[in-house]
Amino acid sequence: MNLGETKDPTSKLVGIGFVIGLHILIVYALASGLAHQMVEVIKSPLETKIIKEEKPPDDDTPPPPPPPKLVAPPPPFIPPPEISIQTPQSTNAITAVQHEVVAPKPPPAPAQVAVVAPPVHVPAGTDPNKYCPRKPDYPSLSKRNSEEGTVVLEFLIGDDGSVKDSKVIQSSGHPRLDEAARSGLSSYCHFKPATDDGKPVQTWQQLKYTWRLED
């Protein structure tokens, strides 16, 4: 190698241009503050955050309770102011007091009870000598058999005096005599009816009739 040989001038120019461009870039960065920001970024530590994975809520979890209902408190009770009114007292006033005498009320009159008088009853006339102009016929068979006896009859006298019904209360001991007395009573007798306050009414009466053969 020859020490006296000269280097290529082109490569020298490229190196000089690179150095000049680098200086220009550094000067521009210092002027614009970019270099300061880059230095701060380089100086600040890197922050790392771990994001926790959120699990979806379980379906069995009960829903949160509803918020309590807020009731407004009642308004405070303010008592009404007491107002006292003083009545002026009149001097030398004369108060007149009147005493009223109330007569006692008389006791109520006792209730009047209507007294209903019982009706005036007049019994029927049942005398056979007066109201029976004819005696009942003596049964011929009873005569031949010498039948005698006393029969007691009960009969109904109508409001017109006629005999409406009759029955034997005590027999004479001979049915023919009992029936003859009952038949003759209805056929030959017309009695005086009983009355209540003068009005004819029906009544039951009794009569005793004796059958006796003549000597």
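Please verify whether Arg176 is touching a helix residue (DSSP H, G or I) at 6+ places or on another chain (Cβ under 7 Å), in a helix (DSSP H, G or I) and open to solvent by 70 Å² or more (accessible area, probe 1.4 Å), treating the condition exactly as stated. Yes, satisfied.
Candidates in segment 118-152 are the residues that are open to solvent by 70 Å² or more (accessible area, probe 1.4 Å) and under 60 Å from the mean Cα position of the chain (by Cα); of these, the one that is nearest to Glu214 (Cα to Cα) is His121.
Give the residues of segment 200-215 that are open to solvent by 80 Å² or more (accessible area, probe 1.4 Å) and touching a residue at least 40 places away in the same chain (Cβ under 8 Å), sorted by residue number.
Initial filter on segment 200-215 (open to solvent by 80 Å² or more (accessible area, probe 1.4 Å)): 202, 204, 206, 208, 212, 214-215.
Scanning segment 200-215 gives Gln202, Trp204, Gln206, Lys208, Arg212.
The values are calculated or read from the model by the stated rules, or taken from the named source; none is laboratory data. A quick note: this is a predicted structure, and the numbers were derived from the prediction, not measured. Cβ coordinates were reconstructed from backbone atoms using ideal geometry, including for glycine residues, and neighbour counts include every protein chain displayed. Just the protein is used for accessible areas: all its heavy atoms, side chains included, with ligands, DNA and RNA removed. Shrake-Rupley method; radii C 1.70, N 1.55, O 1.52, S 1.80 Å.
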